[in-house]
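A quick write-up on the structure given underneath.
The values are calculated or read from the model by the stated rules, or taken from the named source; none is laboratory data. Quick caveat: nothing in here was measured; it's all calculated off a predicted structure. Using ideal geometry, Cβ is built from the backbone for each residue, glycine included, and neighbour counts are taken over all protein chains shown.
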Amino acid sequence: MTKVILLFMKTAISVPDDVFELSEKLAKKFKVSRSQVYAMGIRKLADENEKEALIAKINEVCEKVDTSLDPFWKKMQSRVLPKDK
């Protein structure tokens, strides 16, 4: 049997009243603590930041590499896709 140990860091933060009220509503809605609501928000922000960084790296590569469609596939695409009217 595997033993799982969870570690938590206790911290105090100051938030505007409207953010506090929103965290209360979300905690009730999701049936979690306010701390979990704040943790969910931070994780979501971190995930979005990672996605933006990845997109920026992809765009950087695309600027250096020819990403145009191969002529064969371009021709096939024109045969398969409907024409714009």
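In segment 1-56, the residue that is surrounded by the most Cβ atoms within 10 Å (Cβ to Cβ) out of those that are of a type in the set (Val, Ile, Thr) and assigned to a helix (DSSP H, G or I) is Val37.
Of the residues making up segment 64-85, those that are assigned to a helix (DSSP H, G or I) and modelled with pLDDT under 90 are Pro71, Trp73, Lys74, Lys75, Met76, Gln77, Ser78, Arg79, Val80.
Applying the condition of being in contact with a helix residue (DSSP H, G or I) (Cβ under 7 Å, 6 or more places away or on another chain) and of a type in the set (Gly, Ala, Ser) to segment 23-64 and asking which residue is nearest to Met9 (Cα to Cα) yields Ser33.
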